[in-house]
1. Quickly run through the stretch B:91-138 and pick out the residues that are more than 20 Å from A:Pro210 (Cβ to Cβ), under 13 Å from the mean Cα position of the chain (by Cα) and within 12 Å of chain A (Cβ to nearest Cβ).
2. Being away from every other protein chain (no Cβ under 11 Å) and among the small types (Gly, Ala, Ser) is the filter here; which residues of the stretch A:254-295 pass it?
3. Restricting to the stretch A:296-314, name every residue that is away from chain B (no Cβ under 13 Å), among the hydrophobic types (A, V, I, L, M, F, W, C) and surrounded by 15 or more Cβ atoms within 10 Å (Cβ to Cβ).
4. A:Leu236 versus (1) at the interface with another protein chain (Cβ under 8 Å from one of its Cβ atoms); (2) open to solvent by less than 30 Å² (accessible area, probe 1.4 Å); (3) without any contact (Cβ under 8 Å) to a residue 60 or more places away in the chain: which is the lone unmet condition?
5. Under 8 Å by Cβ, and 6 or more places apart or on different chains, what pairs join a residue from the stretch B:3-23 that is open to solvent by 70 Å² or more (accessible area, probe 1.4 Å) with one that is at pLDDT 90 or above?
6. Looking at B:Gln208, is it open to solvent by 40 Å² or more (accessible area, probe 1.4 Å) and in a helix (DSSP H, G or I)?
7. Yes or no: A:Asp317 among the acidic types (Asp, Glu), within 12 Å of another protein chain (Cβ to nearest Cβ) and touching a residue at least 40 places away in the same chain (Cβ under 8 Å)?
Amino acid sequence: MEELIAQAAAATGYPASMVERSAAARAKAEGTTIEAVLAGWAGVEVPTAAAAGAPGGAPDAAAPAQAAAPAGAMSLEDLAAAAAEESGMPAKLLMRSATAKAKAQGVAVEAVLAEMAGVPVPTIGAPAAAPAASTSAAPAAAAAPVMAPAPEGVRTQRLLTVVKSKAIQQVKTEPVDKVNTWPHLVAAEFVALMAMTAFLLVLSVIINAPLLEAANFNLTPNPSKAPWYFLGLQELLSYFDPQIAGVLIPGLIGLVGLGAIPYIDRNPATRPSERKFAIMMFTFFLMGAATLGIIGSFFRGPGFNFTYPWTDGVFFDDLLDWLE
Amino acid sequence: MADDKVGLLERVRESVTTAPSKMRKSQFWESVFRPGSPFRAGYTDSPRGRSYVIMNNVLYHLHPVKVKRHGVRLSYTLCLGGLSFFLFIVLTITGIFLMFYYTPSEERAYADIEALATSVTFGTLMRNMHRWGAHLMVLTVFLHMSRVFYHGAYKPPREFNWVIGVVLLLLTLLLSFTGYLLPWDQLALWAITVGSNMGAFAPVIGNQVSYVLLAGVQISGATLLRFYVLHVLFLPFVIVIFMAVHFWRVRKDGGISGPL
């Protein structure tokens with residue numbers, strides 16, 4: 001089975017996983033086995049159905065022979081009627097079209113009409129073709145003209161030019177395994193939205209947003225802390241000069257540096273193992289920001305001095321309601 | 001008499017059972033749901049039908065008819081970008097609710113916030129949802145950015161969408177920061193004081209930017225009005241434009257990145 005899939009994948013040029021799924025669907029739809037479908041694509045002998053297929057081939061070969069007999073005997077009108085029935089177009093129009101086509105191609109009108117009608121083409125001027133066809137299709141193939149081999153030392157072709165395949169061939173993108181957005185993606189998104197709504201509702205019922213006393217310009221709380229997502233910056237400010245901690249690091253590294261990442265990281269790989277340095281640098285950045293933020297949030301007390309939350313308590317008013 | 005009753009019942013039952021299908025074939029119904037909608041009569045759950053659902057839906061602005069199989073897996077994106085957008089919508093809804101009860105003036109702001117808990121139905125819930133939703137949005141935007149980095153999803157042709165994403169992160173922070181002042185309590189006043197003091201350190205333009213943002217050299221009632229307008233009008237307006245470009249670029253740059 002795996003071998004067959006691999007062969008079929010190689011023959012068709014599609015990924016093995018897609019070939020397997022497609023074969024299963026095809027087999028189900030046509031009522032055959034997956035192996036038979038795969039073998040058909042791979043162009044190899046059908047493993048199990050081979051024995052059953054052999055006797056079935058004989059009547060198939062005989063069928064056109066039987067149909068050929070009337071085709072040879074059919075009159076022009078009968079053929080036109082048959083073609084009209086087959087194509088669903090008026091016989092008169094077909095007749096005109098067949099005449100024009102026959103003239104253009106230099107063949108008999110009957111041959112064109114027979115092709116339109118879907119019956120085997122009668123051999124022109126030889127009604128005896130009917131009995132001949134009943135034998136087999138093989139002699140007909142043998143009768144095809146075979147080109148005589150060129151004499152030694154004579155070149156039968158010459159190189160005119162080399163055209164790059166890209167210039168004349170349409171390059172198509174690789175086939176990608178895709179699923180319908182409806183319902184697969186839409187359903188997943190809906191579940192995510194519902195889960196987030198539930199989480200937010202529960203959070204809002206359990207924890208109240210903080211509200212201290214009314215704003216008072218004459219009463220500075222100790223410590224005074226920025227919103228939590230700026231506490232990492234405030235923490236930095238306690239180490240460095242404001243020009244560095246307040247401007248250089250958040251402005252240059254935080255914003256400009258972050259925005260410039262795609263233009264600095266020219267490595268085209270997306271596999272994590274092939275971009276270890278980039279991942280390392282970004283993880284450093286994330287961990288640094290998180291560490292500073294956590295220290296600023298939970299380890300800074302009155303006067304923004306270092307405290308331990310388990311000895312002096314937490315000075316983090318954003319979660320006031322939850323902490324009390 | 002009894003037969004009449006049975007006949008009437010039968011007719012009532014028949015009209016009740018056929019009503020849905022009749023309604024679905026009415027002109028009104030068909031004018032509401034575009035061809036291909038699963039709510040229309042004759043919808044079949046086939047690949048063709050499924051394609052039409054998206055193609056004839058407003059969602060077509062966000063999603064293509066088909067998406068890469070790996071992108072649907074929850075573990076690939078954790079829906080972080082979508083959840084950020086969803087939280088923005090939740091914040092808009094709860095924010096509009098809060099706007100009905102809030103006056104951005106020094107005298108009334110704090111009393112209005114207090115009144116939410118005492119004299120407004122669902123006032124506390126709405127305020128809590130708005131506050132925690134805002135914190136969650138900062139978090140999801142940040143995590144979304146990290147996810148995008150670790151997948152290398154900013155690589156060509158998606159470089160510029162990453163830049164737009166950084167702008168969106170900055171706008172999210174600004175939205176949260178301007179909203180922080182509005183309750184006009186001690187926490188709001190002094191957190192914004194500390195925060196805007198940091199901004200004033202910027203070289204050359206620091207003082208000017210600070211003056212424009214605070215509507216003066218320090219926080220006052222004028223700052224409250226300025227932050228209010230920035231928070232409810234100016235910044236949402238700007239962020240919606242950037243979001244539109246962001247989502248559009250996601251699709252134009254070939255949908256979701258990967259697989260790894």
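The values are calculated or read from the model by the stated rules, or taken from the named source; none is laboratory data. No experiment lies behind these values; they were computed from the predicted model shown. FYI the Cβ positions are ideal-geometry reconstructions off the backbone, even for glycines, and counts take in every protein chain you see. Note: accessible area is taken over every heavy atom of the protein model, side chains too, but ligands, DNA and RNA are not part of it. Shrake-Rupley method; radii C 1.70, N 1.55, O 1.52, S 1.80 Å.
1. Answer for the stretch B:91-138, where residues must be more than 20 Å from A:Pro210 (Cβ to Cβ), under 13 Å from the mean Cα position of the chain (by Cα) and within 12 Å of chain A (Cβ to nearest Cβ): just B:Ile93.
2. A:Gly288
3. A:Phe298, A:Phe299, A:Val314
4. Going through the list (1) at the interface with another protein chain (Cβ under 8 Å from one of its Cβ atoms); (2) open to solvent by less than 30 Å² (accessible area, probe 1.4 Å); (3) without any contact (Cβ under 8 Å) to a residue 60 or more places away in the chain, A:Leu236 breaks only (1).
5. B:Met23/B:Trp29
6. In short, yes.
7. Details: among the acidic types (Asp, Glu): yes; within 12 Å of another protein chain (Cβ to nearest Cβ): yes; touching a residue at least 40 places away in the same chain (Cβ under 8 Å): yes.
Answer is yes for this residue.
Condition check ((1) more than 26 Å from the chain's Cα centre (by Cα); (2) modelled with pLDDT of 90 or more) across all residues:
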residue	(1), (2)
A:Val154	yes, no
A:Gln157	yes, no
A:Ile168	no, no
A:Lys172	no, no
A:Trp182	no, no
A:Leu185	no, yes
A:Ala188	no, yes
A:Val191	no, yes
A:Met194	yes, yes
